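Notes for the one structure printed next.
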Amino acid sequence: MRIKTLLSGHEPVADVEVRGWVRTLRAGKEVSFIELNDGSCFSSLQMVADCSLDNYATIAKLATGACVKAMGTLVPSPAKGQQWELQVSELRVVGHADQNYPLQKKRHSFEYLRSIAHLRPRSNTFGAVFRLRSALSFAVHQFFQQRDFLYVHTPIITASDCEGAGELFRVTTLDPQRPPKTDDVIDWEQDFFGAKTGLTVSGQLQGELFASAFSDIYTFGPTFRAENSNTSRHASEFWMIEPEIAFADLAADCRLAEDFLRYLVTYALEHCSEDLQFFNDRIEKGLLDKLGSLATARFETMTYTEAVNQLQRSGRSFEFPVEWGADLQSEHERYLCEQVVGGPLFVVDYPKQIKAFYMRANEDDKTVAAMDLLVPRVGEIIGGSQREERHDVLLARMLELGMEPESLQWYLDIRRWGSCPHAGFGLGFERLLMYMSGMENIRDVIPFPRTPGHAAF
Ligand code: 4AD
Ligand code: MG
């Protein structure tokens, strides 16, 4: 039986079998106490083995990390610290461990644990992180499925750079020593797909095509960015959730983002209380209050222009200068949501020159219908916009930016036949997990992080 099921009962249980990994052992001459964890919940099961067992000598020498199988009876624990314990009638070693098992200490630094990413899931913190990650993945699907959104798998290999930032990882089978060239330029037509391709930076463009048929859709998949920024909030491979909704403007987009975030927080509070309690006690003090109040909070909205005014009036000296037309940096984002509004904040209507080509032009011709959702500690967690659904306006914008409209003919076609106002956003799943767990480094909320210089495991 899984330990979670066993510990959530209210009665003693006879003849039960458990399997898991030894977290700690206190061995005595007469009796030994073993903490067993099988990953099903934060708590370990206290097992009590006494010297009448035929292999007691082996049991008393068990090392942390060993894998064991035990039979016994679950009884109320007379000692403090746990409600139940397992009186062991038989214990077999499935896989031995030796004294070199790297997870000996109670507390290791996250940096050290990153270097043993193959073993860190067996630690308290990472057990909690990856259970939360799994539960929230399920909640993402539940939120959209309950609202009749269609789940679409957008391609991972693509020929278009959605965000236009040139951060595609190249996908090629050409010989790196001798690629075919015409006039000294690589001839991508001879490559595997007959074109220059890379790993997707966003499923949005294809998502828009599906929203033009199914009305409301979402994607949830791996996303890749070859940006060389070694920060605690950027990963080269991360997971993004991208809904796209037809017949919607920017205000409807913000409402969906707000409902979505609130739903995920409420879900975690209901289903992951033991793990969240741990984060609250050991990772971010006050986390539970923060999440509890988000579940009922009003999300503030501010235009980019107002945000710039606020920052300029703040009297703070920021590392990066604040001027209209420049992108907001993490320090600005955090100041706005932490100091100015004290909670989640939508910043809307950004200057068009710092945003992607597909965003809908506002009347002022200077800004676009973009939104970023900023949250305390993390900064930007969501980026989205209303899309430019007017064919001619979009085409003109692409030409203005020096893009080749032929390469995105399919994207323009949607604006020729049955175009409709639509909007969407992308939620970075790891940024969400950082916000919900208090973990401060993106490398510590994804099982096997990929960052510049690191792709081990
Ligand atoms: O703001 P971004 O770049 O928006 C898009 O990609 C749009 N196409 C989304 C859409 O409208 N459908 O990325 C969206 C979110 C960011 O707010 C951030 O949370 C996350 O994705 N993100 C990253 N997370 C981890 N590492 C990175 N390198 C990230 N880049 C973006
Ligand atoms: Mg963004």
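Scan the range 242-253 residue by residue and report those that are among the hydrophobic types (A, V, I, L, M, F, W, C) and either crowded, with 19+ Cβ neighbours inside 10 Å or on the phi > 0 side of the Ramachandran plot (or both). Before you say what the answer is, go through the steps one by one.
Applying the first criterion (among the hydrophobic types (A, V, I, L, M, F, W, C)) to the range 242-253 yields 245-248, 250-252.
Those that are among the hydrophobic types (A, V, I, L, M, F, W, C) and either crowded, with 19+ Cβ neighbours inside 10 Å or on the phi > 0 side of the Ramachandran plot (or both): Ile245, Ala246, Phe247, Ala248, Leu250.
Restricting the range 297-326 to residues that are among the β-branched types (Val, Ile, Thr) and over 28 Å from the mean Cα position of the chain (by Cα), which is least open to solvent (accessible area, probe 1.4 Å)? Give the derivation first.
First, pick out the residues of the range 297-326 that are among the β-branched types (Val, Ile, Thr): 301, 303, 305, 308, 322.
Still in the running and over 28 Å from the mean Cα position of the chain (by Cα): 305, 308, 322.
Working: Thr305: 56, Val308: 4, Val322: 33 Å².
If we take residues in the range 297-326 being among the β-branched types (Val, Ile, Thr) and over 28 Å from the mean Cα position of the chain (by Cα), then Val308 is least open to solvent (accessible area, probe 1.4 Å).
State all residues of the range 160-191 that are open to solvent by 70 Å² or more (accessible area, probe 1.4 Å) and under 20 Å from Phe224 (Cα atoms); if no residue qualifies, say none. Working first, answer last.
Taking the range 160-191 first, the residues open to solvent by 70 Å² or more (accessible area, probe 1.4 Å) are 169-170, 173, 176-178, 181-185, 189-190.
Result: Phe169, Arg170, Thr173.
Quick one: which residue in Val322, Val308 is part of a helix (DSSP H, G or I), under 30 Å from Leu399 (Cα atoms) and among the hydrophobic types (A, V, I, L, M, F, W, C)? Steps first, please.
Working: Val322 fails: part of a helix (DSSP H, G or I).
The conditions single out Val308.
Looking only at residues that are part of a loop (DSSP other than H, G, I, E, B) and at pLDDT 95 or above in the range 254-296, which one is surrounded by the most Cβ atoms within 10 Å (Cβ to Cβ)? Explain how you work it out, then say what you get.
Quick first cut of the range 254-296, residues part of a loop (DSSP other than H, G, I, E, B) only: 272, 283-286, 295-296.
Then drop every residue that is not at pLDDT 95 or above, which leaves 272, 283-286.
Working: Cys272: 23, Ile283: 18, Glu284: 19, Lys285: 12, Gly286: 11.
Within the range 254-296, the match that is surrounded by the most Cβ atoms within 10 Å (Cβ to Cβ) is Cys272.
When residues of the range 379-397 are filtered for being open to solvent by less than 40 Å² (accessible area, probe 1.4 Å) and within 16 Å of ligand 2 (Cβ to nearest atom), how many remain?
Going through the range 379-397 one residue at a time, the tally reaches 8.
Would you be able to tell me the number of residues in the range 204-241 that are open to solvent by less than 40 Å² (accessible area, probe 1.4 Å) and either polar (S, T, N, Q) or modelled with pLDDT under 95 (or both)?
Within the range 204-241, residues that are open to solvent by less than 40 Å² (accessible area, probe 1.4 Å) and either polar (S, T, N, Q) or modelled with pLDDT under 95 (or both) number 6.
Would you point out which residue out of Gly65, Gly164, Gly72, Gly95 is within 16 Å of ligand 2 (Cβ to nearest atom) and farther than 30 Å from Glu270 by Cα?
Numbers: Gly65 fails: within 16 Å of ligand 2 (Cβ to nearest atom); Gly72 fails: within 16 Å of ligand 2 (Cβ to nearest atom); Gly95 fails: within 16 Å of ligand 2 (Cβ to nearest atom).
The unique qualifying residue is Gly164.
Got a sec? Which of Val348, Val378, Val368, Val393 is within 16 Å of ligand 1 (Cβ to nearest atom), free of Cβ contacts under 8 Å to residues at least 40 places away in the same chain and of a type in the set (A, V, I, L, M)?
On the way: Val348 fails: free of Cβ contacts under 8 Å to residues at least 40 places away in the same chain; Val378 fails: free of Cβ contacts under 8 Å to residues at least 40 places away in the same chain; Val393 fails: within 16 Å of ligand 1 (Cβ to nearest atom).
Answer to the selection: Val368.
Return the total of residues in the range 371-413 being under 31 Å from the mean Cα position of the chain (by Cα) and of a type outside the set (S, T, N, Q).
Qualifying residue count, the range 371-413: 20.
Got a sec? Which of Phe110, Phe126, Phe143 is touching a helix residue (DSSP H, G or I) at 6+ places or on another chain (Cβ under 6 Å) and either closer than 30 Å to Thr58 by Cα or of a type in the set (Lys, Arg) (or both)?
Details: Phe110 fails: either closer than 30 Å to Thr58 by Cα or of a type in the set (Lys, Arg) (or both); Phe143 fails: either closer than 30 Å to Thr58 by Cα or of a type in the set (Lys, Arg) (or both).
Answer to the selection: Phe126.
Go through (1) within 23 Å of Met434 (Cβ to Cβ); (2) crowded, with 17+ Cβ neighbours inside 10 Å; (3) within 16 Å of ligand 1 (Cβ to nearest atom) for Gln329 and report which single condition fails.
Among (1) within 23 Å of Met434 (Cβ to Cβ); (2) crowded, with 17+ Cβ neighbours inside 10 Å; (3) within 16 Å of ligand 1 (Cβ to nearest atom), the lone unmet condition for Gln329 is (2).
Do you know which residues across the range 235-257 are under 30 Å from Phe448 (Cβ atoms) and of a type in the set (A, V, I, L, M, F, W, C)? So that I can check it myself, show each step before the final result.
Going residue by residue through the range 235-257, those that are under 30 Å from Phe448 (Cβ atoms) are 235-244, 257.
Answer for the range 235-257, where residues must be under 30 Å from Phe448 (Cβ atoms) and of a type in the set (A, V, I, L, M, F, W, C): Ala235, Phe238, Trp239, Met240, Ile241, Ala257.
Residue by residue through the range 400-443, note down the ones that are more than 13 Å from ligand 1 (Cβ to nearest atom) and of a type in the set (D, E, K, R).
Scanning the range 400-443 gives Glu400, Glu404, Glu406, Asp413, Arg415, Arg416, Glu440.
Within the group Tyr435, Tyr411, which residue is more than 16 Å from ligand 2 (Cβ to nearest atom) and surrounded by 16 or more Cβ atoms within 10 Å (Cβ to Cβ)? Let's see the steps before the verdict.
Working: Tyr435 fails: more than 16 Å from ligand 2 (Cβ to nearest atom).
Answer to the selection: Tyr411.
How many residues are within 16 Å of ligand 2 (Cβ to nearest atom) and either in a strand (DSSP E or B) or under 22 Å from Lys290 (Cβ atoms) (or both) when one looks only at the range 343-354? Break it down into steps so the answer makes sense when it comes.
As a first pass, look at the range 343-354 and keep what is within 16 Å of ligand 2 (Cβ to nearest atom): 344-354.
Those still in the list that are either in a strand (DSSP E or B) or under 22 Å from Lys290 (Cβ atoms) (or both) too: 344-351.
Within the range 343-354, residues that are within 16 Å of ligand 2 (Cβ to nearest atom) and either in a strand (DSSP E or B) or under 22 Å from Lys290 (Cβ atoms) (or both) number 8.
Just to be sure before I move on: is Pro405 away from ligand 2 (no atom under 16 Å from the Cβ), out of contact with any His (no Cβ under 6 Å at 6 or more places or on another chain) and closer than 30 Å to Met436 by Cα in the structure I sent?
Numbers: away from ligand 2 (no atom under 16 Å from the Cβ): yes; out of contact with any His (no Cβ under 6 Å at 6 or more places or on another chain): yes; closer than 30 Å to Met436 by Cα: no.
No.
Each row is one residue, and each column tells you yes or no for (1) in contact with a Gly (Cβ under 6 Å, 6 or more places away or on another chain); (2) open to solvent by less than 60 Å² (accessible area, probe 1.4 Å); (3) of a type outside the set (Asp, Glu).
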{"position": "Met1", "(1), (2), (3)": "no, no, yes"}
{"position": "Ala14", "(1), (2), (3)": "no, no, yes"}
{"position": "Ile34", "(1), (2), (3)": "no, yes, yes"}
{"position": "Leu53", "(1), (2), (3)": "no, yes, yes"}
{"position": "Thr64", "(1), (2), (3)": "no, yes, yes"}
{"position": "Ala70", "(1), (2), (3)": "no, yes, yes"}
{"position": "Ala79", "(1), (2), (3)": "no, yes, yes"}
{"position": "Gln82", "(1), (2), (3)": "no, yes, yes"}
{"position": "Gln87", "(1), (2), (3)": "yes, no, yes"}
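Looking at the structure I just gave you, is Gln104 surrounded by fewer than 19 Cβ atoms within 10 Å (Cβ to Cβ) and under 20 Å from Gly127 (Cα atoms)?
Values: surrounded by fewer than 19 Cβ atoms within 10 Å (Cβ to Cβ): yes; under 20 Å from Gly127 (Cα atoms): yes.
Spelling it out, Gln104 is indeed surrounded by fewer than 19 Cβ atoms within 10 Å (Cβ to Cβ) and under 20 Å from Gly127 (Cα atoms).
Could you please give the count of residues in the range 219-275 that are closer than 16 Å to Gly203 by Cβ and out of contact with any helix residue (DSSP H, G or I) (no Cβ under 7 Å at 6 or more places or on another chain)?
The qualifying residues number 6.
The values are calculated or read from the model by the stated rules, or taken from the named source; none is laboratory data. All figures in this text were calculated on a predicted structure; none of them were measured in a lab. We place every Cβ from the backbone using ideal geometry, glycine too, and count neighbours over all the protein chains shown. Ligands, DNA and RNA are excluded from the accessible area calculation, which covers all protein heavy atoms including side chains. Shrake-Rupley method; radii C 1.70, N 1.55, O 1.52, S 1.80 Å.
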